[in-house]
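Structure, as structure tokens:
The values are calculated or read from the model by the stated rules, or taken from the named source; none is laboratory data. Nothing here was measured: the structure is a model prediction, and the numbers come from that model. Positions of Cβ are generated from backbone atoms using ideal geometry, with glycine treated the same way; all protein chains shown enter the neighbour counts.
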Amino acid sequence: MLDLNGLTKTYKTGDRAVNDVSLSVPKGQIVGLIGPSGAGKSSLIRCINRLVEPTAGRITLAGTELTGLGPRALRRQRRRIGMIFQEYALVERLTVMENVLSGRLGYVSFWQSFTRRFPPADIARAYALLDRVGLLDHADKRADALSGGQRQRVGIARALAQDPELLLVDEPTASLDPKTSRQIMRLLTEICAERDLPAIVNIHDVALARQFLPRIVGLRAGQVVFDGTPADLTDIALTRIYGDEDWDAMRRAEAEDEAETREALAARDAMVLA
Amino acid sequence: MTDATDHLTGDRIWTWRTPRHRLLLWAGWLGLVALFVFCWQVMTRGTIWAFVQDAPRQAADITDRMFPPALGYLPELMVPLWDTLNMATLGTMLGVVMAVPVAFLAARNTSPSPRLLRPLAMFVIVASRSINALIWALLLVAILGPGLLAGIIAIALRSIGFIGKLLYEAIEETDPRQIEAVTATGAGPAQILTYGIVPQVLPTFWGITVFRWDINIRESAILGLVGAGGLGLKLQASLNTLAWPQVTMIMIVILGTVVVSEWISARVRRALI
């Protein structure tokens with residue numbers, strides 16, 4: 001479905017953020033991209049829809065080569081690629097509905113989008129998506145009136161409104177609490193399964209990646225240093241990706257964290273019930 | 001800041017400023033005092049002290065002649081007042097129409113050509129800001145002849161720089177992530193502008209416009225002094241005929257108008273934020 005071939009990005013400063021990455025994602029597969037800060041995860045997924053212009057290499061999406069396209073052709077291809085962002089990146093002062101409909105911008109004329117006269121089919125789809133992510137009642141609220149988890153759901157609905165063939169997801173849970181993070185990851189994996197959508201998910205939370213993503217790619221200094229299943233992600237592999245660290249202690253801390261979260265939630269539920 | 005150590009205790013010494021910095025600061029203050037003394041001398045050389053000593057009596061005399069204000073003059077002021085309000089409002093609207101494109105050309109993140117059009121737009125903004133509305137009116141009255149049109153255009157020309165500058169700064173401060181997200185959907189440049197940037201700057205835009213309208217009401221009240229119509233024209237006529245009670249009445253009307261416009265603009269801005 002998606003093929004990256006020798007993808008390289010060198011910034012003007014000389015930083016080689018992405019270094020000769022070759023990767024292939026088949027239809028319906030979700031790939032987690034892990035790696036330390038500055039490993040080039042963000043640059044890599046932005047190269048795919050050319051928000052960041054790659055320096056070298058080839059990107060092929062279902063047979064269409066994305067590198068070297070002119071502005072108009074690139075916009076047509078971007079419609080096929082939905083993107084979900086770290087801090088939601090919703091247009092804060094527009095309503096939830098307008099944000100979801102903005103996923104259709106590549107399909108409608110400027111005048112249609114300017115006057116907000118979207119085709120009825122687009123509006124029906126937007127309502128269906130809002131229903132799917134559980135925000136049907138919030139359609140006419142302004143985006144900045146929602147909570148973090150709700151905003152990310154709007155972000156997901158916007159990406160799906162494009163009717164994409166590929167999802168690029170940049171740190172979807174970075175600004176969310178552990179429970180909401182898991183809900184969002186569950187929603188993402190469910191939606192990808194429903195639509196047989198391939199996705200690349202940047203994620204810095206290794207535990208979360210392990211729990212939800214069937215394939216994990218480790219990036220270090222712009223290069224792929226690991227590609228396998230969560231079971232393959234041993235301490236040796238983690239050291240290859242992140243450098244030396246006491247992984248056992250980290251895992252224990254994570255388990256404690258989760259137990260704590262669970263306890264806190266249970267306590268809260270008990271209080272609500274009482 | 002410095003890396004020195006105390007000779008006796010061996011502790012590290014930290015000072016806020018380096019000796020060089022302290023010296024420069026002293027020199028700066030000294031220069032400022034010297035300039036003040038010099039300016040004082042220039043000022044007093046050109047002053048006729050007999051007049052200054054006379055000032056309180058003169059002020060009392062004029063105040064005496066200014067009161068009571070000529071209330072009967074009020075109906076005659078209504079048409080010039082209406083002219084002044086129109087001059088400010090139409091001038092602001094014309095200024096906005098011209099300032100918005102200039103702002104988008106001047107903002108680093110939206111300018112289509114940072115090398116050529118951006119400096120040009122910046123020049124338009126600086127040129128407009130550097131010339132007072134009164135001077136614009138003086139020039140335009142000479143070109144267009146006296147009347148409201150000259151005043152409207154003078155207000156508009158002065159407003160371009162003000163609105164353009166504040167708006168392009170607001171455009172540059174927009175959140176790039178929201179714009180990136182709209183770009184990623186496959187939106188065209190005009191759609192990125194209307195979905196990614198306009199919603200972010202709209203409240204600031206209205207705030208700036210209402211603020212400028214409020215300033216323009218004050219400015220248009222005096223533009224008549226150089227023949228651009230409105231209350232200023234009446235003010236000049238009354239001053240020329242030494243009709244002091246009428247002058248007071250005009251000043252009261254200007255004050256009242258400014259208070260009302262200030263109140264409206266404060267309300268609008270509060271509603272936007």
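Quick one: A:V201 ticks every box in (1) in contact with a helix residue (DSSP H, G or I) (Cβ under 9 Å, 6 or more places away or on another chain); (2) over 27 Å from A:E165 (Cβ atoms) bar one, so which box is it?
Tallying (1) in contact with a helix residue (DSSP H, G or I) (Cβ under 9 Å, 6 or more places away or on another chain); (2) over 27 Å from A:E165 (Cβ atoms), A:V201 fails exactly one: (2).
Quick check: anything in segment A:127-145 surrounded by 23 or more Cβ atoms within 10 Å (Cβ to Cβ) and not hydrophobic (A, V, I, L, M, F, W, C)?
There is no residue in segment A:127-145 that is surrounded by 23 or more Cβ atoms within 10 Å (Cβ to Cβ) and not hydrophobic (A, V, I, L, M, F, W, C).
Residues A:G57, A:G6, A:G35: which one is surrounded by 22 or more Cβ atoms within 10 Å (Cβ to Cβ) and farther than 19 Å from A:P164 by Cβ?
A:G35
Surrounded by 17 or more Cβ atoms within 10 Å (Cβ to Cβ) and free of Cβ contacts under 8 Å to residues at least 40 places away in the same chain: which single residue out of B:A190, B:A228, B:A181, B:A237 fits that description?
B:A181
Among what's in segment B:179-190 and is touching a Gly at 6+ places or on another chain (Cβ under 9 Å) and part of a helix (DSSP H, G or I), pick the residue that is farthest from the other protein chains (Cβ to nearest Cβ).
B:I179
Can you tell me which residues in segment B:141-178 are farther than 30 Å from B:S220 by Cβ and under 31 Å from the mean Cα position of the chain (by Cα)?
Those that are farther than 30 Å from B:S220 by Cβ and under 31 Å from the mean Cα position of the chain (by Cα): B:E172, B:E173, B:T174, B:D175, B:P176.
From B:G28, B:G91, B:G46, grab the single residue that is small (G, A, S) and within 23 Å of B:N216 (Cβ to Cβ).
B:G91
Take the residues of segment B:167-178 that are more than 7 Å from every other protein chain (Cβ to nearest Cβ), in a helix (DSSP H, G or I) and in contact with a helix residue (DSSP H, G or I) (Cβ under 8 Å, 6 or more places away or on another chain): which is surrounded by the most Cβ atoms within 10 Å (Cβ to Cβ)?
Within segment B:167-178, the match that is surrounded by the most Cβ atoms within 10 Å (Cβ to Cβ) is B:Y168.
Would you check which residues across segment A:104-132 are at the interface with chain B (Cβ under 10 Å from one of its Cβ atoms), in a helix (DSSP H, G or I) and either touching a strand residue (DSSP E or B) at 6+ places or on another chain (Cβ under 7 Å) or of a type in the set (F, W, Y) (or both) and list them?
Once the filter is applied, which keeps residues that are at the interface with chain B (Cβ under 10 Å from one of its Cβ atoms), in a helix (DSSP H, G or I) and either touching a strand residue (DSSP E or B) at 6+ places or on another chain (Cβ under 7 Å) or of a type in the set (F, W, Y) (or both), segment A:104-132 yields A:F110, A:W111, A:F114.
Could you check how many residues of segment A:133-155 are within 20 Å of B:Q200 (Cβ to Cβ), among the hydrophobic types (A, V, I, L, M, F, W, C) and not in a helix (DSSP H, G or I)?
Adding up the residues that qualify gives 1.
Could you say whether any residue in segment A:175-193 is touching a residue at least 60 places away in the same chain (Cβ under 8 Å), surrounded by fewer than 19 Cβ atoms within 10 Å (Cβ to Cβ), hydroxyl-bearing (S, T, Y) and not in a loop (DSSP other than H, G, I, E, B)?
Yes, segment A:175-193 contains at least one residue that is touching a residue at least 60 places away in the same chain (Cβ under 8 Å), surrounded by fewer than 19 Cβ atoms within 10 Å (Cβ to Cβ), hydroxyl-bearing (S, T, Y) and not in a loop (DSSP other than H, G, I, E, B).
Kindly check whether there is at least one residue in segment B:191-205 that is in a helix (DSSP H, G or I) and modelled with pLDDT under 85.
No, segment B:191-205 contains no residue that is in a helix (DSSP H, G or I) and modelled with pLDDT under 85.
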